[in-house]
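> One structure follows; several queries about it will come next.
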Amino acid sequence: MTVKPTDDDAVKPTDGGSSSVDGSRTDGGQMFSQAEITEVTRTQRYQEWFAESIAEPFRIAWSDWRTKVGLLIIAGFLLMGLVAWISSSTWFVLERIVLVDSPIANQGSPRLQPLEDMSHPLGTDMNGRDLISGVVHATPTMIQMILAGAVFAIVVAVIVGTVAGYKGGTTETVLMTASDVAMTIPGLPLVIVLVVLIEPQSPWLIGIIITINVWAGIARTIHSQVLSLRENSYVEASRTMGIGTPTIIQKDILPNLMPYVLVNFVYASRRVIYDSVALYFLGFLSFRGVENWGVMMHLAYANASALLNPEATYMLIVPMLPIVVLSFGLMLFAQGTDRLFSPRVRTRNEGKSNTDETDEPDPMTGV
Amino acid sequence: MNWFIKRTGQAIFTLWAVATLSFGLIRLMPGGAADIMASRLQQQAQGSNIPREQLREMVASQLNVDPDAPIHEAYYQYMSALVQGDFGNSIRYGGQEVNAIIADTLPWTLFLMSLSTLGMFAIALSLGAIMAYKEGSTFDLANTGVGILLSSIPYYVAAVVFIAFLGYRTPLFPVRGRYPSGVDPGFTVEFIGGAFHHAMLPALSFIVTGYGLLALTMRGNSIQVLGEDYVRVARLRGLPDRRIALRYVGRNAVLPLYTSLLISIGFMFGGSIILEILFQYRGIGFEMNEGIIYRDMPLMMGTFLVITFGVVIALWIGDATYGKLDPRIKSGDDSEAY
């Protein structure tokens with residue numbers, strides 16, 4: 001095993017140290033010859049970081065049935081996206097592999113009921129498009145929308161919330177007034193007007209438009225959280241030692257906000273799913289193929305009159321299923337993660353102090 | 001009082017910000033409302049080319065925004081028209097004032113919203129309290145599961161299911177309109193009963209999908225309050241259970257939900273657009289959709305502004321009365337307000 005010394009290691013590797021002739025260390029070299037204790041390799045560091053920030057929270061989350069089911073549903077959904085991506089990819093190796101056909105007209109005979117023809121288990125729509133193909137192939141764009149929307153909302157919220165909370169003063173007043181204003185404007189009407197005027201096509205842009213003022217509410221939560229965090233003694237210690245604001249925010253404040261970020265990410269995702277499907281369903285967003293579950297609902301509602309006609313109701317029900325199942329998974333996950341909020345668990349995940357045994361973070365070693 | 005003034009100032013600032021935003025959407029955005037409007041007017045003329053000057057005047061008179069005037073002048077015109085409560089004229093309804101359309105439809109949206117809000121909070125609060133008292137029982141667990149399941153259904157999905165199964169398959173409720181046709185509006189049993197009957201499915205769509213999370217929050221709050229020392233002291237003092245449940249536990253558990261109430265007002269006002277389209281319920285959201293379908297920009301922007309103003313004012317009233325419920329707010333510690 002190659003041992004690489006890291007920058008902040010005070011003790012040099014001592015393989016040759018004990019035999020060296022300079023008299024500054026007589027027997028001290030022997031004491032530190034067991035390098036594992038003092039020398040932390042980069043691999044070890046990453047392992048430790050992985051154990052503390054990923055493995056441990058994951059273990060805690062997994063022990064709760066709600067997060068377990070939620071995670072399984074989310075994983076299944078991601079898998080569905082992967083299947084669709086592989087099937088439609090034109091990349092040279094993947095081009096041949098088609099796991100699920102793309103939804104095109106006349107895949108099967110039109111208006112097949114579910115289970116009527118086992119080559120189309122959930123049936124086909126009035127143009128003969130297989131409904132499973134439609135559901136699966138709408139997943140990748142949905143994932144793009146969720147990522148764009150939720151990441152946008154969270155990043156803006158975290159920046160606004162932490163900066164306002166930590167800096168205080170005029171910065172705080174300006175940023176918080178802005179969030180209050182954005183928060184009071186009802187989201188959906190604004191989104192609908194923007195969508196009608198901009199006519200976005202890219203899923204990334206649609207995601208961002210949907211969460212255009214979602215960040216405000218999250219920024220408020222994070223702001224009030226930061227207000228209490230900044231009074232902690234270890235933050236004060238960092239400040240006294242002359243560590244700069246960006247570093248304090250990054251090292252002392254942000255790790256404590258992770259649970260809130262996680263839960264709000266989930267809620268923002270749910271919002272993106274609900275609103276994007278609604279926008280397609282009601283025809284506010286234009287579409288070319290069946291690129292969203294909302295489009296499938298729209299076609300069933302507008303072209304097959306699925307509400308009136310019992311024979312066509314399945315066309316409306318099938319695309320509704322993934323929406324409900326996925327948001328159920330997200331809700332369970334969010335409900336279950338409140339375990340991560342409990343102070344004992346959080347102390348362990350504090351990440352800054354390497355003292356796993358002590359329950360309370362030591363303010364001195366904490367920096 | 002200081003807090004009240006601050007909050008009022010903020011509400012007015014928000015109204016101004018929204019009005020400015022709407023001006024920006026109409027005038028500044030390339031392909032914005034003014035452009036859409038001009039091209040629509042041109043289309044309507046069918047072949048005969050409208051001179052640019054005349055087009056400009058038509059857009060200016062109907063949208064209150066002059067596309068060719070300097071920005072500050074156009075902005076001043078637009079704002080002064082808004083202050084006077086002038087939202088322009090609708091194209092969809094043959095030049096009728098947008099004001100009149102809003103006056104006709106807004107009360108119905110408010111009626112629908114109050115019905116849903118009242119129903120949702122009544123169910124959620126009582127259910128949450130009972131669940132907290134029976135914490136850990138089968139009743140509690142079952143209701144938690146059902147609550148989470150129902151709240152992961154989007155309200156419009158619930159609406160679609162209700163229309164298909166309670167409207168068409170088993171026609172228990174009417175699926176379109178605001179009141180039964182052939183009944184004159186007035187204080188008659190037929191009209192009021194009919195209005196409630198028609199509002200039932202849209203309201204249920206909100207209630208069924210929304211009560212779950214609220215009940216869970218109420219349950220959590222109640223459990224927390226039940227563990228407080230003052231509740232134990234009240235028990236030791238031998239106060240009657242009813243008094244403890246209502247005055248000690250109920251009040252303190254409901255207080256944090258006031259914020260949820262305010263948030264749900266904004267959410268429902270927005271969501272009412274979708275439900276009103278699905279149920280063809282002529283409320284303000286339905287008219288906004290008409291504005292969008294017919295590219296009727298004055299109607300679209302007017303309804304958008306009124307919906308937003310409505311939410312801002314409702315939140316302002318809510319925050320202003322919060323001090324009555326929670327005396328702590330008057331001490332000036334405004335971080336408690338949210």
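None of the figures in this text is laboratory data; all of them are computed from the coordinates on show. Please read these numbers as outputs of a predicted model, since none were measured by experiment. Cβ: placed from backbone, ideal geometry, glycine included. Neighbour counts: every protein chain shown.
> Please list, in chain and number order, the residues 5+ apart from B:TYR281 or on another chain whose amide H is under 5 Å from its amide H, with Hs placed from the backbone.
B:GLY177
> Further, regarding this structure: What does the average come to when, for each residue of peptide A:190-200, you count the partner chain Cβ atoms lying within 10 Å of its Cβ? It would help to have the intermediate numbers written out before the result.
Numbers: counts 8, 1, 9, 14, 2, 1, 11, 13, 4, 1, 0.
Taking all residues of A:190-200 together, the mean is 6.
> Using the Karplus curve 6.51 cos²θ - 1.76 cosθ + 1.60 with θ = phi - 60°, work out ³J(HN,Hα) for each residue of the stretch A:279-287 in order, rounded to whole Hz, and write x for Gly and Pro.
Per residue, the Karplus-derived 3J(HN,Hα) values read 5, 6, 4, 8, x, 6, 9, 7, 9 Hz.
> Can you work out the Karplus-derived ³J(HN,Hα) for every residue in the stretch A:155-172? Use 6.51 cos²θ - 1.76 cosθ + 1.60 with θ = phi - 60°, whole Hz, and x for glycine or proline.
Along the stretch A:155-172, the couplings run 4, 4, 4, 5, 4, 4, x, 6, 4, 4, x, 7, 6, x, x, 5, 3, 4 Hz.
> For a quick check, take a GNM of chain B with Cα springs below 10 Å and name the residue from B:TYR211, B:TYR155, B:TYR179 with the largest mean-square fluctuation.
Of the options given, B:TYR179 has the highest mean-square fluctuation.
> So what is the calculated 222 nm ellipticity per residue for chain B, using -39500 (n - 2.57) for each DSSP H run with n of 4 or more, over all residues, to the nearest 500 deg cm²/dmol?
Values: 13 runs with 228 residues, N = 338.
After summing the helix terms and dividing by residue count, I get -22500 deg cm²/dmol.
> Test of understanding: what is the full-extension gain from B:ALA245 to B:SER114, defined as 0.36 nm times their sequence separation minus their Cα-Cα distance?
Numbers: separation 131, 0.36 × 131 = 47.16 nm, distance 2.64 nm.
Contour length minus the Cα-Cα distance gives 44.5 nm.
> Still on this structure, I have one more. Amide H neighbours of A:ALA306 under 5 Å, at least 5 residues apart or on other chains, H built in the peptide plane: list them.
Answer set, sorted by chain and number: A:TYR301.
> From the phi of every residue in the stretch A:197-204, what ³J(HN,Hα) in whole Hz does the Karplus formula 6.51 cos²θ - 1.76 cosθ + 1.60 yield, where θ is phi - 60° and glycine or proline is x?
Taking θ as phi minus 60°, the curve returns 7, 8, 6, x, 10, 5, x, 4 Hz for the stretch A:197-204.
> Moving to a separate point now. Cα convex hull of the protein assembly as shown: how many Å³ per residue? Can you show the working numbers first?
On the way: hull volume 178.7 nm³, N = 705.
It is 253 Å³ per residue.
> Shielding of B:145-155 by partners, i.e. mean partner chain Cβ atoms within 10 Å per residue? Numbers along the way, then the final one.
Values: counts 2, 0, 2, 6, 4, 2, 5, 12, 6, 11, 2.
The per-residue average across the peptide is 5.
> Here's another thing I want to ask about it. Quick one: how many lysine pairs does the protein assembly as shown have with C-alpha atoms less than 21 Å apart and a gap of 8 or more or different chains? Give me the count, please. Mind dumping the intermediate values first?
Details: A:LYS4/A:LYS12; A:LYS167/A:LYS251; A:LYS251/A:LYS352; B:LYS6/B:LYS324; B:LYS6/B:LYS330.
Value for the protein assembly as shown: 5.
> Additional query: Determine the shielding of peptide B:293-303 by partner chains: average, over its residues, the number of Cβ atoms on other chains within 10 angstrom of each Cβ.
Values: counts 3, 0, 1, 0, 2, 0, 0, 5, 2, 0, 2.
Partner-chain Cβ atoms within 10 Å, mean over residues of B:293-303: 1.
> So, one more: What whole number of Å gives the distance from the Cα centroid of the stretch A:132-170 to the Cα centroid of the stretch A:42-114?
About 19 Å separates the Cα centre of the stretch A:42-114 from the one of the stretch A:132-170.
> What residues have an amide H closer than 5 Å to that of A:ILE104, excluding those fewer than 5 places away on the same chain, when H is modeled at 1.01 Å from N in the peptide plane?
Correct list: A:ASP130.
> How high is the relative contact order of the stretch B:9-98, in percent, with contacts defined as C-alpha pairs under 8 Å that are six or more residues apart? Numbers along the way, then the final one.
Details: 66 pairs, mean separation 17.1, N = 90.
The normalised contact order for the stretch B:9-98 reaches 19 percent.
> In the protein assembly as shown, with Lys and Arg counted as +1 and Asp and Glu as -1 at Cβ, which of these residues, A:VAL136, B:VAL231, A:TYR274, has the Cα nearest the positive end of the dipole, that is, farthest along it?
Final value for the positive-end residue is B:VAL231.
> If you count, for each residue, the other Cβ atoms within 10 Å and average over each peptide, how do A:246-258, A:126-138 line up from highest to lowest? Present the calculation step by step, with values, prior to reporting the outcome.
Working: A:246-258: 17.5, A:126-138: 22.2.
The peptides rank, most packed first, as A:126-138, A:246-258.
> Using the Kyte-Doolittle scale, which helices in chain B average at least 0.5 and also have C-alpha atoms spread 24 Å or more along the helix axis, with helices defined as whole DSSP H runs?
Values: long enough: B:2-23 (32 Å, 0.64); B:98-133 (51 Å, 1.52); B:189-226 (46 Å, 1.03); B:257-278 (29 Å, 1.81); B:297-325 (41 Å, 1.42).
Taking the DSSP H segments of chain B (at least 24 Å long, mean hydropathy at least 0.5), we get B:2-23, B:98-133, B:189-226, B:257-278, B:297-325.
> Let me ask another. Order B:191-204, A:80-93, A:286-299 from most to least packed using the mean count of other Cβ atoms within 10 Å.
On the way: B:191-204: 19.1, A:80-93: 14.6, A:286-299: 21.1.
Output ranking for B:191-204, A:80-93, A:286-299: A:286-299, B:191-204, A:80-93.
> With an 8 Å cut-off on Cα pairs and a minimum separation of 6 or more residues, tell me the relative contact order of chain B in percent.
Values: 375 pairs, mean separation 79.9, N = 338.
Relative contact order, chain B: 24 percent.
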